[in-house]
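K.L.:
Quick one: the structure is below, and I'll ask about it shortly.
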Amino acid sequence: MGFTELGVSDDLIKGLEELGIKHPTPIQEAAIPVLSHQDVDFVGQAQTGTGKTAAFGLPILSRIDPGKDHIQALILAPTRELGQQIARQLFKFTKYSQKVFTEAVYGGEKIDIQISRLSRPTHVVVATPGRLLDLLNKKALDISRINTLVLDEADEMLSMGFKDELTRILKKTSGNRNIWLFSATIPKELDEIIEQYVAGDAVRVHINKSEAVNTGIEHQFVTGDDSNKLDTLAQFLKSQGKHRGIIFTRTKAVARVLAKQLEAKNYEVGLLEGDMMQKDRDKVMRAFKNKSLRILVSTDVAARGIDVDNLAFVVHYQLPDQIDYYTHRSGRTARAGKKGISLVLVNKKELRRIWELEKALGIKFLKIK
């Protein structure tokens, strides 16, 4: 099935093709026909990296009336990076269609700059919850006439402590609008929000893990002592030549130490962790995107919203606590039909985690040594 069969307009398809998006993913197949043509609430459960932005973005664009210059859709995202990424994608999708004006608003940028941008005609606002409430308090934007409210990465917004903000925003927009909620997991706290604010007859879609797992990724693991981990990593990085990738740790402390150790071995490496100032984080991401850095060392939360193409590998220096995070991490490689490696470094005690991942995700790991 192609995008035409899902009811996507030729103009939007032209924009997609230019981005190399030719075949819909399972979440897009399930969401686009429903959201484009029906006034419904929607709960979509699918992993990161499965094409959720187009799953809600294309229906939003097809429903916007460019002749009306008020805000018609609001998209909430947990991080500044994800918000910017969504706004960029929507802009690119509409390259050949009628202009839909999107603004991204988030913390870490002067609010006055955003207020002046919002004074222009705006159809779609992409926002982090805290900054949206700041702008509403200043009466800098009006969301009373939106017909669609999207909560993207809803579980992450809750785990980052945005429950109160979300509840306040949902109350402010109550009435004649549809809620489209997308999340990798549905924890109890999120269930409570769904129960209270999402219509009982909402369409629910769950893309199971095996469908969400990218078949272009080769999953590998190496066993060894923790004391040899750094040497094993260095050997792997050497084998990758000039290829680029991300190394994941579970904790900020390990991320900081590892970045320093790799720097000492003369690798072009950047660090991303949750306590960084936004301007430092932006600087690292710019350097990584323009390829002056070859490797990123990152924690799971810090990697939210990273969107970098052509990554050859992901290394799990420490395995994550949750199985879902393994999919989030490994999904950073092998994008847009390319191949990639997801390498896990484990000690003997952690070997059972490899079998757990194989069983839960329906994947096969290759033992390297």
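The values are calculated or read from the model by the stated rules, or taken from the named source; none is laboratory data. Keep in mind the model is a prediction, meaning the values are calculated, not measured. All Cβ positions, glycine included, derive from the backbone under ideal geometry; neighbour counts span all protein chains shown.
K.L.:
Could you run through the range 36-91 and say how many residues are under 16 Å from Ala154 (Cβ atoms) and among the polar types (S, T, N, Q)?
P.N.:
Adding up the residues that qualify gives 6.
K.L.:
Moving on. Just to be sure I understand the filter: pairs with C-beta atoms under 6 Å, separated by 6 or more residues or on different chains, first member in the range 238-265 and in contact (Cβ under 8 Å) with a residue 40 or more places away in the chain, second member outside any helix (DSSP H, G or I) and of a type in the set (D, E, K, R). Which pairs pass?
P.N.:
Arg244/Arg294; Ile246/Arg332; Lys252/Glu273; Ala255/Glu273
K.L.:
Here is a list: Leu141, Leu118, Leu151. Which entry is within 19 Å of Val43 (Cα to Cα) and out of contact with any His (no Cβ under 7 Å at 6 or more places or on another chain)?
P.N.:
Step by step, each of Leu141, Leu118, Leu151 is checked, and only Leu151 is within 19 Å of Val43 (Cα to Cα) and out of contact with any His (no Cβ under 7 Å at 6 or more places or on another chain).
K.L.:
List the helices (runs of 4 or more DSSP H) that sit entirely inside the range 262-369 and contain at least 3 residues that are of a type in the set (A, V, I, L, M) and either surrounded by fewer than 17 Cβ atoms within 10 Å (Cβ to Cβ) or touching a helix residue (DSSP H, G or I) at 6+ places or on another chain (Cβ under 9 Å) (or both).
P.N.:
Once the helices (runs of 4 or more DSSP H) in the range 262-369 are filtered for at least 3 residues that are of a type in the set (A, V, I, L, M) and either surrounded by fewer than 17 Cβ atoms within 10 Å (Cβ to Cβ) or touching a helix residue (DSSP H, G or I) at 6+ places or on another chain (Cβ under 9 Å) (or both), what remains is 351-361.
K.L.:
Give the range 95-108 a look and list any residue that's over 20 Å from the mean Cα position of the chain (by Cα) and surrounded by 16 or more Cβ atoms within 10 Å (Cβ to Cβ), or say none. If you could, list the steps in order and put the result at the bottom.
P.N.:
Looking only at the range 95-108, we keep the residues that are over 20 Å from the mean Cα position of the chain (by Cα), and these are 95-101.
Ser97, Val100, Phe101 - these are the residues of the range 95-108 that are over 20 Å from the mean Cα position of the chain (by Cα) and surrounded by 16 or more Cβ atoms within 10 Å (Cβ to Cβ).
K.L.:
Right, here's the next one. Kindly indicate whether Arg250 is among the charged types (D, E, K, R), buried (at least 16 other Cβ atoms within 10 Å of the Cβ) and closer than 15 Å to Ile341 by Cβ.
P.N.:
no
K.L.:
Pick out the one residue from Val150, Val105, Val124 that is over 28 Å from Asp300 (Cβ atoms) and touching a helix residue (DSSP H, G or I) at 6+ places or on another chain (Cβ under 8 Å).
P.N.:
Residue meeting the stated conditions: Val124.
K.L.:
In the range 185-205, what residues are among the aliphatic types (A, V, I, L, M), in contact (Cβ under 8 Å) with a residue 60 or more places away in the chain and within 20 Å of Thr173 (Cβ to Cβ)? Before the answer, list the steps.
P.N.:
Taking the range 185-205 and keeping what is among the aliphatic types (A, V, I, L, M), we get 186, 190, 193-194, 198-199, 202-203, 205.
If we keep only those that are in contact (Cβ under 8 Å) with a residue 60 or more places away in the chain as well, we get 186, 194, 198-199, 202-203, 205.
Residues satisfying the conditions are Ile194, Val198, Ala199, Ala202, Val203.
K.L.:
Report, by residue number, each residue of the range 236-261 that is more than 25 Å from Glu81 (Cα to Cα) and either assigned by TED's automatic domain parsing to the domain that holds Glu81 or assigned to a helix (DSSP H, G or I) (or both).
P.N.:
Phe236, Leu237, Lys238, Ser239, Gln261
K.L.:
Return a yes/no flag: does the range 298-306 have any residue that is modelled with pLDDT of 90 or more and either within 20 Å of Gln84 (Cα to Cα) or hydroxyl-bearing (Ser, Thr, Tyr) (or both).
P.N.:
Within the range 298-306 (the criterion being modelled with pLDDT of 90 or more and either within 20 Å of Gln84 (Cα to Cα) or hydroxyl-bearing (Ser, Thr, Tyr) (or both)), the answer is yes, since at least one residue qualifies.
K.L.:
Now for a separate question. Return yes when Ala303 is closer than 26 Å to Asp155 by Cα and touching a residue at least 24 places away in the same chain (Cβ under 8 Å) and no when it is not.
P.N.:
Here the answer is yes, as Ala303 does meet what is asked.
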